[in-house]
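Structure, as structure tokens:
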Amino acid sequence: ILKVLGLKESFKYYRSSPIGGKQSEYVVSIKGYPSSIATMNVGFSRVALSKSSSCENRQTNKILFITGKSSASDDCQRKTYRALMKMVHAKGYVCHIKDHPNPAYRLDFSAEGAVIIDPLLPAELLESDYHLVVGVSSSALLSFDGRSVSLINLLDDVSLEDRQAYVRHFAGAMPSHKINYVHSEDEFKALL
């Protein structure tokens, strides 16, 4: 339809990686808005959101797990999340789980005693008082400055190439991010 309307050149086209056995998806992004619309790069909004969601009282009893499909197998992710949640519950924390908004990329993970958050709710608009926010490769980790934990180095079946790609993704999206990349359950436990 964009070609028929003569607008094809006004857009950029992206293809996602096939994740979790799902086919690639295509996304269209406009190259430029009319001059009447003020635009900022995505980094501007991420910095603004991270400042507005910074938490002065870090001694909360809630930990958010942001789940979703990744280059790790679903079973590996579920096993890792279960082990970490067992540790978190033992320390007296309440676990919240928020899955990916796109049904094709949902891990469909739940755990006994955890609060399930509507996956359609943007993570950036959630409460800001989480002690930690834990995930693998979700861009939402960028919104919780200093309290975000990426599990990419903890998942056995993530290749070195994929780990490096995730780190580059975070660095490109927000160069000043402060995501904690844990390498063991003991490193994770030390953050509690």
Given a cut-off of under 8 Å on Cα pairs at least six residues apart, what relative contact order in percent is computed for the chain?
-> 21 percent
Counting Lys and Arg as +1 and Asp and Glu as -1, what is the net charge of the other residues whose Cβ lies under 14 Å from the Cβ of residue 87?
-> +2
Within the chain, the percent of DSSP beta bridges that are antiparallel, given to the nearest 5, stands at 25 percent
Qualifying GluC sites (Glu not before Pro) for segment 52-145 [loop in DSSP, other Cβ within 10 Å: at most 15] | 56, 112, 127
Would you mind checking 12/98; 69/98; 69/178 for any pair whose Cα atoms are more than 19 angstrom apart?
-> 12/98; 69/178
Along the positive direction of the dipole of segment 117-192 (beta-carbon charges: Lys, Arg +1; Asp, Glu -1; about the Cα centre), which of 137, 173, 153 reaches farthest?
-> 173
With labels modelled as points extended 7 Å from the Cα through the Cβ direction, what inter-label distance (nm, one decimal) is found for residue 191 paired with residue 121?
-> 2.1 nm
Scaled to the compact-protein estimate 2.2 N^0.38 Å, what is the alpha-carbon radius of gyration of segment 57-192, rounded to two decimal places?
-> 0.96
To the nearest 500 deg cm²/dmol, what mean residue ellipticity at 222 nm is calculated for the chain from DSSP H runs of n ≥ 4 alone, each contributing -39,500 (n - 2.57), summed and divided by the residues?
-> -8000 deg cm²/dmol
Among 158, 28, what's the order by accessible area (1.4 angstrom probe), most exposed first?
-> 28, 158
Rounded to the nearest 20 debye, dipole of segment 49-192 from Cβ charges on Lys, Arg, Asp, Glu | 240 debye
Modelled label-to-label distance, residue 86 and residue 15, 7 Å Cα→beta-carbon offset: nm?
-> 4.2 nm
Surface per residue (accessible, 1.4 Å probe) for the chain, Å² | 58 Å²
Amide H within-cut-off set for residue 180, under 5 Å, with H built and near neighbours excluded | 148, 149, 150
Measure off, as a whole percent, the carbon and sulfur share of the 1.4 Å-probe accessible area of the chain, all protein chains present.
-> 53 percent
In terms of modelled amide H atoms, which long-range or inter-chain residues lie less than 5 Å from the amide H of residue 96?
-> 63, 64, 65, 115
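The values are calculated or read from the model by the stated rules, or taken from the named source; none is laboratory data. Just so we're clear, the structure is a prediction, and the values are computed from it rather than from any experiment. We place every Cβ from the backbone using ideal geometry, glycine too, and count neighbours over all the protein chains shown. For the accessible areas, the whole protein counts, side chains as well, though only heavy atoms, and no ligand, DNA or RNA atoms are used. Shrake-Rupley method; radii C 1.70, N 1.55, O 1.52, S 1.80 Å.
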